[in-house]
Amino acid sequence: MRGARHDDRIVERASEHLSPMTTLKIGIVGCGVGGMAAALALARHGHAVTLLEAFEQARPVGSGLLLQPTGLAALRALQLEDAARATGAPVRELIGHDSKGRRVMALDYGDWRPGAHGVGIHRAALFDVLHAPLAPAGVEIVTGARITRLVDPARPVLHDEAGRSFGPFDIVLVADGSASTLRGALKPRARAPVYPWGAVWTNIADPNERFAGALRQVYHRAEVMCGALPVGKGPGGEQNCTAVFWSVPVAGIDAFLAGDFSAWRDRRLAPLWPELAQAFSNHDDWSGFSRAIYRDVSVGRWDVGACALIGDAAHGTSPQLGQGGNLALVDAVELADRLAASPSPTALKGWQADRRRHTGLYQLASKALTPLFQSRGWFWPWLRTFAFTPTSRLPGFRQAGVRLLTGTLRLGRFPRVSKP
Ligand SMILES: Cc1cc2nc3c(=O)[nH]c(=O)nc-3n(C[C@H](O)[C@H](O)[C@H](O)COP(=O)(O)OP(=O)(O)OC[C@H]3O[C@@H](n4cnc5c(N)ncnc54)[C@H](O)[C@@H]3O)c2cc1C
């Protein structure tokens with residue numbers, strides 16, 4: 001209770017110098033999906049936005065991601081949906097088989113709404129879609145600024161590792177991802193343990209579109225999960241690319257990537273998924289593969305005074321349901337809307353309380369589903385077959401599964417999002 005009163009005093013102090021129609025000076029840490037979307041939405045609402053990124057050249061990490069109807073709606077609000085669709089590839093179904101060829105999962109976006117689909121997109125392409133309009137919208141982008149310290153959450157100033165300082169800002173958004181360095185300073189009780197399993201990813205050409213139209217996965221128990229996601233254009237503009245992932249325990253990723261590529265392709269992948277192994281016939285090493293780990297972020301409230309965590313920094317989770325980037329996009333546009341209606345740090349509180357009715361559900365569902373797809377032993381894959389086979393066949397279950405997949409499950413209604 002005393003903590004809540006203390007927080008309220010910080011917010012009051014943060015709002016003291018602002019008049020109701022103020023154009024806010026906003027600092028955003030992290031040029032990822034959430035940071036860029038927030039920067040664009042807020043700049044278009046007339047705020048003065050500085051976006052600070054650790055890397056000298058802001059760049060995307062990883063291979064592909066699946067934009068769900070929620071993420072696409074957020075991109076629509078940013079007038080970027082067409083650009084994303086033009087570079088990505090439609091994904092109409094999620095299909096999962098086990099190593100014996102039994103269908104474990106078959107979810108069709110059409111069961112949510114006729115004609116609906118997700119969009120698989122290469123991260124570099126999504127990065128370009130979000131990055132291109134930033135400078136024209138007036139966002140100041142500072143690269144090579146690894147922010148290590150935030151001073152005074154009521155009137156925040158950011159410091160980078162080179163000793164430079166930025167601010168003071170009216171509001172700071174911390175969008176530095178699931179391994180956030182600033183989260184601990186703002187929320188000392190936050191936790192972000194690494195999930196025991198991660199994955200390796202790469203991008204392959206699919207000239208004959210053998211993997212088009214669906215996110216396909218093949219499982220052997222829960223110890224092997226291999227997936228192929230069509231992502232449309234590759235980072236160099238090449239057509240019909242597919243992102244391929246293979247799950248690996250985090251402790252074994254280095255050893256996996258130091259192992260024999262041909263042995264993996266011919267002895268592990270080929271028996272499970274011959275067509276995909278064939279697509280690697282011209283590869284003879286691990287070049288082009290990247291590693292991915294994920295964290296289970298739990299923070300409590302995301303805001304302190306004039307600062308708020310956003311995206312994975314606030315609610316990172318495993319990518320089992322393919323929602324993290326979508327949640328970050330929705331975070332951004334709903335926050336910009338809140339601040340348009342009430343341009344002061346007090347808006348952060350209502351925004352996070354509202355968003356958590358969406359993000360909380362997906363964090364919980366992703367966490368609950370992760371061992372069904374990434375774990376050892378017989379129990380979890382048995383439960384997966386038990387739980388998902390009816391989901392794929394019975395109408396009521398199927399609809400519930402599809403709602404979960406589309407990202408549209410939320411306690412309470414989605415607020416109307418205005419175009420900035
Ligand atoms: C294997 C894998 C598959 C995934 N698949 C999907 C999917 O299909 N669909 C989906 O929606 N999501 C997916 N996700 C999740 C998605 O990638 C994340 O949820 C999303 O990238 C989060 O965006 P963000 O902006 O919060 O953080 P990030 O994209 O991680 O961006 C953080 C940025 O902050 C910068 N930064 C970090 N520290 C600092 C610092 N101290 N100072 C300045 N800058 C800093 C980083 O360089 C980076 O640019 C997947 C994730 C993984 C790992």
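The values are calculated or read from the model by the stated rules, or taken from the named source; none is laboratory data. As the structure is a computational prediction, the values presented were derived from the model and not from experiment. Quick reminder, even Gly has a Cβ in these numbers, built from the backbone with ideal geometry, and neighbours come from all protein chains shown.
Right, T346: buried (at least 20 other Cβ atoms within 10 Å of the Cβ) and among the hydroxyl-bearing types (S, T, Y) or not?
Spelling it out, it is not the case that T346 is buried (at least 20 other Cβ atoms within 10 Å of the Cβ) and among the hydroxyl-bearing types (S, T, Y).
Do you know which of the residues in segment 69-107 that are in contact with a helix residue (DSSP H, G or I) (Cβ under 7 Å, 6 or more places away or on another chain) and away from the ligand (no atom under 16 Å from the Cβ) is nearest to G237 (Cα to Cα)?
If we take residues in segment 69-107 being in contact with a helix residue (DSSP H, G or I) (Cβ under 7 Å, 6 or more places away or on another chain) and away from the ligand (no atom under 16 Å from the Cβ), then A83 is nearest to G237 (Cα to Cα).
Where the second residue is surrounded by fewer than 22 Cβ atoms within 10 Å (Cβ to Cβ) and not in a helix (DSSP H, G or I) and the first is basic (K, R) and lies in segment 173-189, which pairs have Cβ atoms under 8 Å and are six or more apart or on separate chains?
R183/A190; R183/A192; R183/V299; K187/V299; K187/G300; K187/R301; R189/G300
Among the residues of segment 324-336, is there at least one that is more than 17 Å from the chain's Cα centre (by Cα) and surrounded by 24 or more Cβ atoms within 10 Å (Cβ to Cβ)?
Here is the first cut: in segment 324-336, the ones more than 17 Å from the chain's Cα centre (by Cα) are 336.
Subsequent filtering for residues that are surrounded by 24 or more Cβ atoms within 10 Å (Cβ to Cβ) retains 336.
Yes, because at least one residue in segment 324-336 is more than 17 Å from the chain's Cα centre (by Cα) and surrounded by 24 or more Cβ atoms within 10 Å (Cβ to Cβ).
Each row is one residue, and each column tells you yes or no for (1) among the hydroxyl-bearing types (S, T, Y); (2) touching a residue at least 40 places away in the same chain (Cβ under 8 Å).
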residue	(1), (2)
L215	no, yes
S247	yes, yes
P274	no, no
A292	no, yes
S298	yes, yes
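Among the residues that make up segment 262-275, is at least one of them more than 26 Å from G30 (Cα to Cα), aromatic (F, W, Y) and touching a Leu at 6+ places or on another chain (Cβ under 6 Å)?
Checking segment 262-275: not a single residue is more than 26 Å from G30 (Cα to Cα), aromatic (F, W, Y) and touching a Leu at 6+ places or on another chain (Cβ under 6 Å).
Enumerate the pairs (first residue in segment 313-339 and under 24 Å from G184 (Cα atoms) and assigned to a helix (DSSP H, G or I); second residue anywhere and acidic (D, E) and near the ligand (Cβ under 8 Å from one of its atoms)) with beta-carbon separation below 6 Å, excluding pairs fewer than 6 apart on the same chain, so at least 6 apart or on different chains.
Close Cβ pairs satisfying both conditions: A313/D176; G324/D312.
Could you list all residues from segment 91-115 that are of a type outside the set (D, E, K, R), surrounded by fewer than 17 Cβ atoms within 10 Å (Cβ to Cβ) and out of contact with any strand residue (DSSP E or B) (no Cβ under 6 Å at 6 or more places or on another chain)?
First pass over segment 91-115, keeping only residues of a type outside the set (D, E, K, R): 91, 94-97, 99, 101, 104-107, 109-110, 112, 114-115.
Still in the running and surrounded by fewer than 17 Cβ atoms within 10 Å (Cβ to Cβ): 99, 101, 110, 114-115.
G101, G110, P114, G115, listed by residue number.
Kindly indicate whether T389 is in contact (Cβ under 8 Å) with a residue 40 or more places away in the chain and within 24 Å of the chain's Cα centre (by Cα).
no
Residues that are within 12 Å of the ligand (Cβ to nearest atom), within 13 Å of the chain's Cα centre (by Cα), in a helix (DSSP H, G or I) and modelled with pLDDT under 95: does segment 287-296 have at least one?
No.
If you take the residues in segment 1-58 that are in a helix (DSSP H, G or I), of a type in the set (G, A, S) and modelled with pLDDT of 95 or more, which one is farthest from the ligand (Cβ to nearest atom)?
Among residues in segment 1-58 that are in a helix (DSSP H, G or I), of a type in the set (G, A, S) and modelled with pLDDT of 95 or more, the one farthest from the ligand (Cβ to nearest atom) is A43.
Just one of the numbered conditions (1) touching a residue at least 40 places away in the same chain (Cβ under 8 Å); (2) in a loop (DSSP other than H, G, I, E, B) is not true of D284; which one?
(1)
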